[in-house]
1. About its Cα centre, how strong a charge dipole does segment 1-155 have in debye, to the nearest 20, once Lys and Arg get +1 and Asp and Glu get -1 at the Cβ?
2. Between D277 and K203, what is 0.36 nm times their sequence separation minus the Cα-Cα distance? Round to one decimal in nm.
3. Between D162 and K40, what FRET efficiency comes out of the Förster formula 1/(1 + (r/R0)^6) with R0 = 41 Å and r the beta carbon distance, rounded to 0.05?
4. Along the Cα→Cβ direction, 7 angstrom out, place labels at R90 and R70. What is the inter-label distance in nm?
5. For the pairs K191/K247; K85/K191; K40/K191; K10/K203; K60/K247; K203/K247, note any where the Cα-Cα span goes beyond 25 Å.
6. Taking the alpha-carbon set of segment 30-126, what are its Rg and Dmax in Å?
7. Going toward the positive end of the dipole of the chain, with +1 on Lys and Arg Cβ and -1 on Asp and Glu Cβ, which of P98, L61, M88 do you reach last?
8. Please grab the % of Cα pairs in segment 224-270 that end up more than 12 Å from each other.
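The values are calculated or read from the model by the stated rules, or taken from the named source; none is laboratory data. Remember, it's a predicted structure, so these values are computed and weren't measured experimentally. Here the Cβ positions follow ideal geometry from the backbone for every residue, glycine too, while neighbour counts run over all protein chains shown. To get the accessible areas, we keep the full protein, side chains included, count just its heavy atoms, and leave off ligands, DNA and RNA. Shrake-Rupley method; radii C 1.70, N 1.55, O 1.52, S 1.80 Å.
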Amino acid sequence: MADDARGFWKTPAALAVRANPDQPVAELECNGTPGFVGDKADGLRLFEERGAVLSSLQEKLYANGRSGDRRSVLLVLQGMDTAGKGGMVRHVIGHVDPQGVDHAAFGVPTAEEKRHHFLWRINRALPRGGQLGVFDRSHYEDVLVVRVHDLVPEEIWTGRYDEINQFEKELVLAGTTLVKVAMFVSLDEQKSRLRERLERRDKYWKYNPSDVDERQLWPAYQEAYQAMLDKTSTDYAPWYVVPCDRKWYSRIAVTELLIDALEKLDLDWPTATFDIDAEKRRLAES
Ligand code: ADP
């Protein structure tokens, strides 16, 4: 971690927001800034600096992918409406070269998707070697919205936690680092973000009347999120629980999580596959 970043993170983000079974989501302070000791101005400045670091690491991942490295990183974003998934993609992933990003968003399954196993559409969207994958919603919808709305019988969704763990274990063994981020916004902050969508012409498109119905189901969602964290936060694919009432915080936290994941790959620039001196000579003579 750069000196400047280290100064503001009292505890590294990957430790500060790692899911902890002793800290239930119902008690999470959504306007908190775990691990970070600076204020918003510090956070915004750091965001730009660290975005440049993220960009350089992602370029190395991409360069290695072009040279045959099959490894990849997959950011999984889950969160209630208005938690800021879209902004996370736009601002955090916005720091890196779009060529190196495999982005997928998962909505209500299509007729074709419904005919398949719930992991079918996920498998088709996995990042290729050298890519930074981003899932805006994911296979976890199948134990969240599906559980809350009884979209399949209980005996089916209860089996999915183990299926997901097995699926993710195989992914990790095949070279994908998973960065799973559960984004939490408070009920009050969600209300004010929804209100803004109703007050601004440029935000109407983001408003969905069903978001208000989902608010009524907040306790059921909290329970589903808690079960998800309890059952699928593993050593090989842990969950990170990120408070999102302060967007500037959630964005620097996720930037740090991605930097951490990429640094652990210990990437270097690929070596030349040609004779550099000979090529210099050929170029000079051309
Ligand atoms: P967003 O709300 O993220 O902007 P959409 O408008 O496409 O995106 O809405 C996504 C909706 O699809 C959410 O309500 C989500 O719960 C729902 N969804 C995603 N996956 C599933 C699933 N497997 N089964 C049922 N609903 C799902």
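1. 580 debye
2. So the chain would gain 20.9 nm between D277 and K203.
3. 0.50
4. Reported label-point gap for R90 and R70 is 3.7 nm.
5. K10/K203; K60/K247
6. Values for segment 30-126 (Cα only, Rg and Dmax): 16.9, 49 Å.
7. Selected residue: P98.
8. Here the long-distance tail beyond 12 Å is 71 percent of all Cα pairs in segment 224-270.
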